[in-house]
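Working notes for the structure below.
The values are calculated or read from the model by the stated rules, or taken from the named source; none is laboratory data. Here the structure is a predicted model, which is why all the values come from computation and not from measurement. Note that each Cβ is placed from the backbone with ideal geometry, even for glycine, and that neighbours are counted across all protein chains shown.
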Amino acid sequence: MNRKMLGFVLATLILVSVHPAEAQKPAKVRRIGFLTATGAGQQDFYEVFRKGLRELGYTEGHNIVFEYRSAETRTRLAELATELVQWKAEVIVAAGGAAGPAKMATDTIPIVFLFSGDPIEAGLVASLARPGGNMTGITWLAFELVGKRLELLKEVVPRVSRVAVLASPAHPGEQRELMETQSTARALGTILEYHQVRASADVDRALDAIIKENTNALLAFPDPVTMRHRKQIAEFAAKNRLASVFGFKEYVESGGLMSYGPSRDEPQRRIAVYVDKILKGAKPADLPVELPMKFEFMINLKAAKQIGLTIPPNVLARANKVIK
């Protein structure tokens with residue numbers, strides 16, 4: 001074998017021996033924290049989020065790992081946010097009331113939120129177009145929709161004069177939602193009876209109080225507490241023949257009369273896109289906060305029948321989905 005041929009063979013052997021080693025080089029494992037206020041539907045959001053990242057090429061245990069944390073109180077959420085920082089999460093996803101505690105825990109780790117209130121008013125971002133800082137995400141801007149829910153109640157039951165409101169004052173944006181609801185109530189000549197439900201223990205007490213009032217309808221703000229007890233609240237409304245309206249379809253699927261609000265599915269999937277962009281080098285400060293683009297109006301005719309109510313045809317025709 002001549003020297004030239006020998007050199008070629010040796011070079012080939014070296015390349016063959018090096019290539020497998022390079023192919024076996026482990027992928028960098030990205031660390032994602034997920035923090036949420038305890039509530040029905042939050043585990044579903046977590047699963048939608050993980051599925052979204054799988055569709056973007058992330059495989060759990062291979063190039064990404066998750067740490068899920070959930071709590072009912074703001075104090076405990078703050079502790080869990082600190083744990084995720086100490087775990088060295090590269091990105092933290094914060095749902096609902098967890099956004100504030102996450103912000104308090106770090107100003108360097110990127111945070112992607114799914115938030116119901118106004119993130120500017122809450123001090124999470126400088127503006128929707130240019131968030132600044134280490135936070136961005138999607139906001140429901142729920143306070144802009146509560147007036148419409150009250151109007152729907154009035155359309156369906158024109159005689160409605162007194163409405164019981166269930167809401168958690170600990171939920172971000174709740175006071176703004178209440179102000180908007182009160183403004184619409186005044187315009188419609190309707191009286192609101194406000195009941196605070198900060199935690200699960202408050203729900204029974206609030207429902208007992210509603211029975212003693214001369215209310216003929218119920219409005220529940222979408223938050224972790226009412227979401228967690230949505231079936232109990234819906235059954236209470238049906239038993240006491242109260243027309244009810246909610247912010248998300250899950251309440252109606254659990255027996256409530258009507259819901260009007262943003263579709264939750266697409267925003268939840270979009271959170272994975274934010275995380276993917278950040279892992280690839282984008283800065284939260286440069287990623288605009290998104291608003292929901294699709295809204296859903298759902299009616300439960302079974303619930304209407306239980307309370308002896310006939311939904312006007314013009315209202316029924318506007319529904320995206322009807323449960324029969």
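Filter the stretch 98-145 for residues that are without any contact (Cβ under 8 Å) to a residue 24 or more places away in the chain and either in contact with a Leu (Cβ under 9 Å, 6 or more places away or on another chain) or within 22 Å of residue 75 (Cβ to Cβ) (or both) and give the result.
Hits for the stretch 98-145 are 120, 123.
Can we say residue 244 is free of Cβ contacts under 8 Å to residues at least 40 places away in the same chain, assigned by TED's automatic domain parsing to the domain that holds residue 181 and either more than 30 Å from residue 107 (Cα to Cα) or of a type outside the set (D, E, K, R) (or both)?
When the stated conditions are applied, residue 244 does not pass them.
Given 287, 316, which one is of a type outside the set (D, E, K, R) and either touching a residue at least 24 places away in the same chain (Cβ under 8 Å) or buried (at least 18 other Cβ atoms within 10 Å of the Cβ) (or both)?
287
Report yes if some residue within the stretch 283-304 is β-branched (Val, Ile, Thr), outside any loop (DSSP other than H, G, I, E, B) and over 17 Å from the mean Cα position of the chain (by Cα); otherwise report no.
yes
Taking residue 126 as the residue in question, decide whether it is at pLDDT 95 or above, in contact with a helix residue (DSSP H, G or I) (Cβ under 9 Å, 6 or more places away or on another chain) and either among the small types (Gly, Ala, Ser) or part of a loop (DSSP other than H, G, I, E, B) (or both).
yes
Please go through (1) within 16 Å of the chain's Cα centre (by Cα); (2) surrounded by fewer than 24 Cβ atoms within 10 Å (Cβ to Cβ); (3) closer than 19 Å to residue 277 by Cβ for residue 127 and return the number of the only condition it doesn't satisfy.
Tallying (1) within 16 Å of the chain's Cα centre (by Cα); (2) surrounded by fewer than 24 Cβ atoms within 10 Å (Cβ to Cβ); (3) closer than 19 Å to residue 277 by Cβ, residue 127 fails exactly one: (1).
Only residues in the stretch 252-272 that are aromatic (Phe, Trp, Tyr) count as the first member; pair them with residues that are assigned to a loop (DSSP other than H, G, I, E, B), Cβ under 9 angstrom, at least 6 apart or cross-chain, and list the lot.
What qualifies is 260/145; 260/247.
Do we have residue 219 as touching a Phe, Trp or Tyr at 6+ places or on another chain (Cβ under 9 Å) and surrounded by 14 or more Cβ atoms within 10 Å (Cβ to Cβ) here?
It is true that residue 219 is touching a Phe, Trp or Tyr at 6+ places or on another chain (Cβ under 9 Å) and surrounded by 14 or more Cβ atoms within 10 Å (Cβ to Cβ).
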